[in-house]
1. So for segment 218-229 (the condition being within 15 Å of Lys124 (Cα to Cα) and surrounded by fewer than 22 Cβ atoms within 10 Å (Cβ to Cβ)), does at least one residue qualify?
2. Of the conditions (1) surrounded by fewer than 16 Cβ atoms within 10 Å (Cβ to Cβ); (2) within 30 Å of Arg435 (Cα to Cα), Leu143 fails just one. Which one is it?
3. May I ask you to verify whether Lys334 is surrounded by fewer than 18 Cβ atoms within 10 Å (Cβ to Cβ), closer than 30 Å to Leu308 by Cα, in contact (Cβ under 8 Å) with a residue 24 or more places away in the chain and not aromatic (Phe, Trp, Tyr)?
4. Looking at segment 51-85 only, could you name the residues that are in a helix (DSSP H, G or I) and in contact with a Gly (Cβ under 9 Å, 6 or more places away or on another chain)?
5. For segment 355-410: of the residues being in contact with a strand residue (DSSP E or B) (Cβ under 6 Å, 6 or more places away or on another chain) and part of a helix (DSSP H, G or I), which is farthest from Ile151 (Cα to Cα)?
6. If you check Asn452 against the conditions, is it modelled with pLDDT of 95 or more and closer than 22 Å to Ala161 by Cα?
7. So, Ser407, is that one surrounded by fewer than 12 Cβ atoms within 10 Å (Cβ to Cβ), among the small types (Gly, Ala, Ser), more than 28 Å from the chain's Cα centre (by Cα) and outside the structural domain of Leu177 (by TED's automatic domain parsing) or not?
8. Do the conditions hold for Gln162, that is, is it outside any helix (DSSP H, G or I), among the polar types (S, T, N, Q) and either buried (at least 21 other Cβ atoms within 10 Å of the Cβ) or touching a Gly at 6+ places or on another chain (Cβ under 7 Å) (or both)?
Amino acid sequence: MSEKLWGGRFSEFTNDLFDKFGASIYFDQEMVHEDIEGSIAHANMLSNTGILKENDVNKIIKGLKEIQESIDKGNISFTYKNEDIHMNIESILTEKIGAVAGKLHTARSRNDQVALDFHLYLKKRLPKIINFINDLQKELISLAEENVETIMPGYTHLQHAQPISYGHYLMAYYQMLQRDKERFQFNEKHTNLSPLGAAALAGTTFPIEPNFTANELGFDKPYDNSLDAVSDRDFALEFLSNSSIMMMHLSRFCEEICMWSSYEFNYIELSDDFSTGSSIMPQKKNPDICELIRGKTGNVYGHLMSLLSTMKSLPLAYNKDLQEDKAGVFDTIKNIVPILKLLKAMLSEITIKKDNMQKATEHDFSNATELADYLAKKGLPFRQAHNIVGKLVAKCIEKQCYLQDLSLDQLKEASDLIEEDIYHDLNAKVAVQRRNSYGGTGFDQVKAQIKNAKIQIKEG
């Protein structure tokens, strides 16, 4: 007879190569605390319903708690021979308390057990991830508040477009993270369901109380359908999708930090403790953290595509393919948590080179729209104003000067509508300050964004 806990039907031992290949203990031992926690809740339910005697349940729970203590002390190791964390714990429990350990699996399958562990694992970590996003948002708010009137070029196509407030720029990333946070908060809704009680796929003949275990473990409710309970991995897909979108946002931010800190831009400087040097070039100061975050974005995308591919065309209910659902989630959590913490810490020590940002808006044509708007406000159709300013820009390029360098007579040659006050409007800081349409880069609007963000953060 097979040595496996499920081996009654089999007459031979499984091949060792197959054991190693099929085992998931290498990664699902990450859920050891959740597995024991779920088993204790299940045992309490079996006692509460009278399915098991109280004495047996007390032995089981005592044994599980002792195992937990031994694991915490590093005194227990697991083996691939027992396949996964669930069978490893059950085997250790059997060695500790004898055959009564086998009663723990009454009215339960590994199918609803593994789903429960996975739900519990993610359920515990989502609030922490949301808090880390919150912390990063607070840092962005603080930095934006210090730089409401710091002027920088705004870009489209990586070309100077219009001058903007650096605080406005930072608040754009705040808003991206706010949407990320809201996605994770919605993810909690689908994670906060208990699959325990679904058994293998069809429920059980025992008079179980799924609501009891759901309450014990802090879930909102049990799944309404046992087939769905053991086969659903939407909550994991949502998590990986949300993480991918967030990493896309952080990767964009990091790309710009790399650019802004380069010699060519020189808008910001990272502190020494968040930079690295070169083994051959003594002058180098590299933004490695930002580059690594860009690189790790691909890993998170890969985990999402991997699980989507695994789930594609899977017939109901449980299939061994679903063993591949967890490693990518575990790795994603291990990546995004330190990334969020690192970015917050790095931003808290960043140096903003305000003068360099300001100068970059004085030797360009990012104020061209100001002149076009000036003419439009004097009654000229905007398309005509656009054409006039375009020709003036071409003239400046030929003369190697900028719009504000042209004399009033030269400007009037283009349009009699232009007066002395145009030089005020062409000033980059004035251009930014005046853009007070809702959500715009005007200082009052940026201050309003910051005020609203503080309220948003406070309300959670």
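1. yes
2. Status for Leu143: all satisfied but (1).
3. Details: surrounded by fewer than 18 Cβ atoms within 10 Å (Cβ to Cβ): yes; closer than 30 Å to Leu308 by Cα: yes; in contact (Cβ under 8 Å) with a residue 24 or more places away in the chain: no; not aromatic (Phe, Trp, Tyr): yes.
No: the conditions fail for Lys334.
4. Lys59, Tyr80
5. The qualifying residue farthest from Ile151 (Cα to Cα) is Thr369.
6. no
7. yes
8. In short, yes.
The values are calculated or read from the model by the stated rules, or taken from the named source; none is laboratory data. Since this is a predicted model, take the numbers as computed values, not measurements. Every residue, glycine as well, gets a Cβ built from its backbone with ideal geometry; the counts of neighbours run over all protein chains shown.
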